[in-house]
Amino acid sequence: MEAGFRIGQQIGEMLIEAGLVSQEQLKEALEKAPEEHLQVGEMLVSLGFATEENVYSALARQNDYRFFNNEQLLESKEDVVRMIPEEFALENTLIAAIREENVVWIAMEDPDDIIAIDNLQKIAPDDVTVEVGMAAPQGIRHAIDQLYVRIRKQRETKEVIGDLHFFAESDEGEEGLVDMTDTKAQEDAPIIKLVNMIIGEAMKERATDIHIEPKEHNVLVRYRIDGVLNAVMEPPKTAHNGIIARIKIISKLNIAEKRLPQDGRFTIRAKDREVDVRVSILPTINGEKVVMRLLDKGAFGFTLATLGFEDRQYKIFKRNIIKPYGMIIISGPTGSGKSTTLYASLREIMSEGDNITTVEDPVEYHLDGINQVQVKPRIGLTFSSSLRSILRQDPDRLLIGEIRDEETADIAVKFSLTGHLVFSTVHANDAPSTVTRLIDIGVPPFLAGSSLLLVMAQRLVRTICPHCKEKYIPKETELEYLDIPKDEWEAHEWMTGRGCVHCRNTGYHSRTGIFELLSVTPDIRRLIFENASQDEVRDMAIEQGMETLREHGLSKTKRGITTLAEILRVTTE
């Protein structure tokens with residue numbers, strides 16, 4: 001406590017009268033305060049007998065100052081808070097709390113700070129008078145963190161929204177500009193602003209998906225940030241139909257159809273980026289639910305070295321992607337970073353001497369020097385039809401966005417067996433099950449074994465926020481589920497994120513990959529030829545040194561990169 005007041009016996013008596021501390025607690029604080037060189041109020045807080053808010057409330061009464069509790073500070077209106085610059089508020093531990101006609105009340109840690117009050121008079125608008133009150137410093141700092149972040153977000157979102165241009169794509173693949181600011185009916189303008197704000201804020205928050213979910217009495221809007229859904233707003237139920245109609249207009253979908261699922265897309269072009277938005281509409285018992293997936297089509301900034309590979313994994317992966325022919329398959333669920341790894345691989349090996357072609361749905365990033373084909377099933381441009389044409393384009397390396405059916409798998413295998421290096425993805429749980437998944441799709445075991453070079457499963461885990469990283473003791477349930485021996489966990493300093501304004505109080509910021517690499521050695525190839533089970537393939541791969549997803553994840557927790565909770569969330573034994 002840095003206030004310029006002497007907190008003595010009288011403060012203790014006031015706290016006793018209010019029933020906040022006992023006589024014995026005050027006596028103990030009075031005895032220990034001189035030893036610790038603390039004032040009595042500070043000692044009461046240090047011993048846990050009173051809260052900082054309790055002490056400062058009594059201090060305000062003692063000195064006849066208006067007191068603002070922590071809850072009142074958080075309820076301060078943003079147009080009042082922004083009267084004081086954030087830097088000045090932080091430096092002097094104060095915040096503009098409330099405006100009453102022409103008077104602005106400033107909550108301060110030290111209302112006797114004459115220099116700060118004098119500067120407040122100069123900073124405040126000319127049409128208001130400054131009055132000062134008191135608040136607990138921790139409450140002031142928390143309110144500053146919460147309210148000024150909200151003010152910055154509003155300002156940034158307005159800047160983003162003002163620079164957005166929406167393009168709807170027709171069945172023929174042509175784009176037409178959709179003016180998001182024009183409306184024939186004036187009463188629809190709030191809905192347009194709301195949809196703009198939802199999309200603009202999602203782009204600013206690094207969201208990959210927007211979920212608009214109708215509930216019984218309201219609408220829930222959630223963003224998927226770093227792989228986890230976060231609730232961000234709850235518009236009234238009356239806005240639901242307008243939001244859905246507006247999104248359907250942008251996506252060129254049937255506004256009248258509310259009984260069947262619909263899929264559409266549109267593109268957002270801002271000053272410094274372009275985002276492709278995939279729209280899925282699904283009827284539910286409470287109304288239509290919308291999920292919009294945001295795919296940033298800007299410059300690709302990843303390299304293999306930044307994806308999260310360990311040194312040994314990096315060497316194995318690099319050794320395989322420079323081979324002249326064969327198949328490299330990456331597996332994992334939607335949103336596990338498969339496409340990012342594939343793009344980084346192409347970027348690593350691309351050269352003027354190679355003809356590299358991709359077939360994707362959608363094209364997520366634009367890479368100079370690579371021929372990228374966007375699949376458009378509505379007009380007959382499918383994976384299989386594109387691949388048949390690419391055969392006549394003399395390719396050296398080929399990326400197939402996803403192997404979904406037997407025809408695509410057959411073409412991919414034949415490509416790899418005729419002198420081409422093929423990259424692709426398959427939806428599977430781990431590396432060994434990817435091999436059996438290919439065979440289930442329709443690839444004969446002898447062709448699968450002959451063509452495969454490397455199978456890699458991957459997941460994305462959230463990384464601990466560097467701003468609020470701290471040590472913690474793992475829960476016993478975490479250790480039991482992960483089967484970590486007691487002597488092993490006691491030998492490490494485990495880390496977690498406390499939660500702060502930089503990470504939306506989640507304790508995490510950004511993501512990194514964990515990987516499971518299955519090199520197709522002669523022994524593995526023999527098992528594939530024999531149509532062995534995935535358990536047999538897994539056992540052989542582990543015997544030959546394969547690190548599983550969970551093992552790689554645990555190695556990252558031991559180095560303080562992610563948490564045990566994250567590994568439990570994305571991996572199984």
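The values are calculated or read from the model by the stated rules, or taken from the named source; none is laboratory data. Since the model is a prediction, treat every value here as computed from it, not as a measurement. We place every Cβ from the backbone using ideal geometry, glycine too, and count neighbours over all the protein chains shown. For the accessible areas, the whole protein counts, side chains as well, though only heavy atoms, and no ligand, DNA or RNA atoms are used. Shrake-Rupley method; radii C 1.70, N 1.55, O 1.52, S 1.80 Å.
Observations on the structure shown:
- Matching option when the condition is out of contact with any Lys or Arg (no Cβ under 8 Å at 6 or more places or on another chain), within 23 Å of Gly335 (Cβ to Cβ), at pLDDT 85 or above and not aromatic (Phe, Trp, Tyr), among Pro235, Pro261: Pro261
- Residues of the range 76-109 that are in contact (Cβ under 8 Å) with a residue 40 or more places away in the chain and either of a type in the set (Ser, Thr, Tyr) or buried (at least 19 other Cβ atoms within 10 Å of the Cβ) (or both): Ser76, Val81, Ile84, Ala89, Thr93, Leu94, Ile95, Glu109.
- Every condition in (1) out of contact with any helix residue (DSSP H, G or I) (no Cβ under 8 Å at 6 or more places or on another chain); (2) in a loop (DSSP other than H, G, I, E, B) holds for Tyr365 except the one numbered (1).
- Of all residues making up the range 455-513, the number that are closer than 26 Å to Asp145 by Cβ, among the β-branched types (Val, Ile, Thr) and without any contact (Cβ under 8 Å) to a residue 12 or more places away in the chain: 0
- Exclusive hit being at pLDDT below 85 and surrounded by 21 or more Cβ atoms within 10 Å (Cβ to Cβ), set Leu387, Leu381, Leu421: Leu387
- Some residue of the range 139-150 being touching a Leu at 6+ places or on another chain (Cβ under 8 Å), open to solvent by less than 50 Å² (accessible area, probe 1.4 Å) and polar (S, T, N, Q): no
- Looking at Arg397, Arg437, just one residue is crowded, with 18+ Cβ neighbours inside 10 Å and touching a Leu at 6+ places or on another chain (Cβ under 6 Å), and that residue is Arg397.
- Residues satisfying the stated conditions in the range 17-44, i.e. open to solvent by less than 50 Å² (accessible area, probe 1.4 Å) and part of a helix (DSSP H, G or I): Leu26, Ala29, Ala33, Val40, Gly41, Glu42, Met43, Leu44
- Filtered by the rule that a residue be farther than 18 Å from Asp112 by Cβ and either free of Cβ contacts under 8 Å to residues at least 24 places away in the same chain or assigned to a loop (DSSP other than H, G, I, E, B) (or both), the range 127-151 gives Asp127, Val128.
- Residue within the range 342-361 that is touching a helix residue (DSSP H, G or I) at 6+ places or on another chain (Cβ under 9 Å), farther than 19 Å from Pro324 by Cβ, of a type in the set (A, V, I, L, M, F, W, C) and not in a helix (DSSP H, G or I) present: yes
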